[in-house]
Structures are given as structure tokens and as C-alpha cells.
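Down below is the structure, laid out as C-alpha cells.
The values are calculated or read from the model by the stated rules, or taken from the named source; none is laboratory data. Owing to the predicted nature of the structure, the values given are computational and were not obtained by experimental measurement. Methodologically, a virtual Cβ is constructed for each residue, glycine included, from the backbone with ideal geometry; neighbour enumeration extends over all protein chains shown. For accessibility, only protein heavy atoms count, side chains too; no ligands or nucleic acids. Shrake-Rupley method; radii C 1.70, N 1.55, O 1.52, S 1.80 Å.
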Amino acid sequence: MNIRFEKNIAPKEKPQDNVLGFGKYFTDHMFLMNYDPENGWHDARIVPFQNISLHPASTVLHYGSEIFEGLKAYRRADGGIQLFRPIENIRRMNNSAERLCLPQIPEEDALEALTTFVRTEAEWTPHSEGTSLYLRPFMFGNDESLGVHTVHHVTFAIIASPVGSYYAEGINPVRIMIEDEDVRAVRGGTGYAKCGGNYAASNRAGERAAQKGYSQVLWLDGVERKYIEEVGAMNVMFLIGDEVVTPKLTGSILPGITRKSCIEILKKEGYKVSERLLSVEELSNAMKNGTLKEAWGCGTAAVVSPIGELLYKDHKYIVNEGKIGKLTQHLYDTLTGIQWGKIADPYGWIYKL
Ligand SMILES: *Cc1c(COP(=O)(O)O)cnc(C)c1O
């Protein structure tokens, strides 16, 4: 792939690592590439970070043709930079694209775009403990017409944001509300795709949870509101007795790469892991009779996030005395160790730049 480069002649001053937060600062460049049926993907370019101009009838503004990905570039102690399973993000993006009738990007081209862009912005990868360069590839339809149909003109972009340590104040278990009114996704819908609309539709429940003092929502299945699905932007796992249970991928759950990695680590280390249906009734029984030992969310942003409290229909359940559990901590240490290059990677997950 030929990637044109237009250097930003007015680079920004980089923020200090301790003010980064999440997604507030952006690097000096962005990657762009366009698609139309006649030319396929074309005009791949890395240009100064700038606003995107859209026709007011642009498809994405009316019908939500948009998908995205999220992954991080990590700074190793030796100064080098590495990605974690980037090919998994690329495959998932193509699966999301297929669901929304957006075009596929050949895996090798997507990887080249990503790695070339990260190399260009390498200096923006922060050095402090727990920080990283968050990468946000996204794709949207921008036909200049109000007709509802498969889009013909598409833009693919990658932007990057240096992000702070998720646990700057130490690992605090989160409080989560089980949502029994709104649903996030149904089978046959777009739950397994990382598409913008899923998140717009999630906000109302998130607001309600926040008003009650809960940081996130745990979704139930969209048909019976009976089975546990996932948290806002994290998959969930429970240690019940000696079995790690995580909801199986039925089509309405986002197939997280952190989820997949946790399962692979646990299986390799001999734990009993079940991807199966888990009803909220089974979970509340396990909480009542004390067999629920640990609960955690897993996703790229926080990696592994212990759940200290669950609220279901005004019943509060405290998990593991509100503290991080041993297995949760072990998964966190293993994954972050591999991601930042502090421990060996026996899985071949690391992609060094
Ligand atoms: C991105 C996301 C996840 C986590 O996926 P990772 O690949 O582990 O980052 C889980 N659930 C939802 C709804 C998501 O958007």
C-alpha cells in the first residue's frame, strides 16, 4: 500500500503524563483512506490532525453507518513500542464492517496502516507506568444523499490519544447495576459489532445507573432479560466455586480480545472455564449462598476491572468484601505484564514495532 505523508509543521506541545485521562488529547497526525466502488480503497495518507468536513446529508449523520476499534500501543522499559494482538482488532473490524455493509480492508493493508501510523506518532507514546497510546481506527459511510441504502462512499481513519493509567489511584473495585429495563442488543442485531449506534442506545441506562451511584451497567439478554451479557464496554467473568463462567458469544455480545485472552490464559493454567449461558437467577443464588468468589470485567481500557458490588432490583450484593480477588489480580498482572513487556509472552500476542 502506498501511504502519502504530509507532515504537521506545527506540532503540539505534549501533555504531562499525569494529566492525560482518557481520550482528551490527540496526536499531531491522523490516517485517512477513502473507498468507492470504482476505485476501491485509495488515497491512503497520514496528514496533520484536523477536522473532517462532511456534507450535511452524509450517511453517517443520519443513518449511523459507523464502526470503530480500540487498541493500545505500549511503551516497553527498553524504550520500544509494541501492540497487543492487533490482528484480532483488524479481524473484528472487518466483521463489524460486514454487519453494516461497509467494505472490508485486506488484513495486511489494515496492519500496514496501523503500524505506519503508530511509527509516525511513536513519540506520543507516554512513558509512565500504566500509560499508553490509545488507537482508534474507525470507518463511516459518507454518501451525499438521504436515500437509505448500502453506502458507496466510505472513509477509514485512525486517530491516536495518549491515555493515562486507568488505575492511577490504585485498583478500586467498581459498583455495577444490573439493568432490567433497557437492553443493549438482540441476537440478529448489531451487538457483536463495534458500531457507534450500540453506544448511543446504551447511554440512557448508564445515566440511570450513575444517578444511583453505580459506575456501569450490566446488561441482560434482549429477549428474556434473563441471561447476563456484558458491561458497557467490558465483557464479564465470574468465579463461581472453582469454575470461571463467562457468557457465551451468542451474537448480542461484543467478542472482546481481552475476554479471549483471559480465557486462553486461564485454560493454559488449568482453570475450569465455561463459556455458557448464565442466568441472573443463578448469579444471585451464587451471591446469596457465597459460591460467587470473584467477579471482574475485561476490556482494553481497564484490562481487568474487579467488580465489588452488584445491584439487582434494589438488592445489593457485595462481592469478595468489595476487594479485588486473587484470580482477578493474577489475570491483571499477567495481561498487563505481557502488554508492557515486563514478563515473557508465551502466546505470541505481542507485535513489536
Ligand atoms: C470494546 C468492547 C469490549 C471489550 O473488547 P476488547 O477487545 O477486550 O477491548 C466489550 N464490550 C463492548 C460492548 C465493547 O465495546
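One residue stands out among those in region 195-204 that are near the ligand (Cβ under 9 Å from one of its atoms) and open to solvent by less than 30 Å² (accessible area, probe 1.4 Å): the one that is farthest from the chain's Cα centre (by Cα), which is SER202. Taking region 237-319 as the region of interest, the strands (runs of 3 or more DSSP E) fully inside it that hold 2 or more residues being over 26 Å from TYR166 (Cβ atoms) and away from the ligand (no atom under 11 Å from the Cβ) are 272-276. Restricted to region 34-67, and to residues there that are part of a strand (DSSP E or B) and of a type in the set (A, V, I, L, M, F, W, C), the residue that is most open to solvent (accessible area, probe 1.4 Å) is TRP41. Scanning region 81-114 for residues that are within 23 Å of ALA301 (Cα to Cα), away from the ligand (no atom under 16 Å from the Cβ), out of contact with any Gly (no Cβ under 9 Å at 6 or more places or on another chain) and open to solvent by less than 10 Å² (accessible area, probe 1.4 Å) yields a single hit, ALA113. Scanning region 224-236 for residues that are in contact with a Gly (Cβ under 7 Å, 6 or more places away or on another chain) and assigned to a loop (DSSP other than H, G, I, E, B) yields GLY232, ALA233.
Would you mind finding the one in VAL273, VAL236, VAL217 that is of a type in the set (A, V, I, L, M), in contact (Cβ under 8 Å) with a residue 24 or more places away in the chain, buried (at least 23 other Cβ atoms within 10 Å of the Cβ) and touching a helix residue (DSSP H, G or I) at 6+ places or on another chain (Cβ under 6 Å)? The match here is VAL217. Taking each residue of region 187-205 that is over 20 Å from ARG91 (Cβ atoms) and looking for partners that are charged (D, E, K, R) and within 12 Å of the ligand (Cβ to nearest atom) with beta-carbon atoms closer than 6 Å, six or more apart or interchain, yields SER202/ARG184. Just so you know, in region 68-80 the residues that are open to solvent by less than 60 Å² (accessible area, probe 1.4 Å) and of a type outside the set (Lys, Arg) include one that is farthest from VAL118 (Cα to Cα), and it is PHE68. ALA185 passes every criterion in (1) open to solvent by less than 30 Å² (accessible area, probe 1.4 Å); (2) in the same structural domain as ALA44 (by TED's automatic domain parsing) apart from (2).
When the test is whether a residue is of a type in the set (Gly, Ala, Ser) and either at pLDDT below 95 or touching a helix residue (DSSP H, G or I) at 6+ places or on another chain (Cβ under 9 Å) (or both), GLY80 does not pass it.
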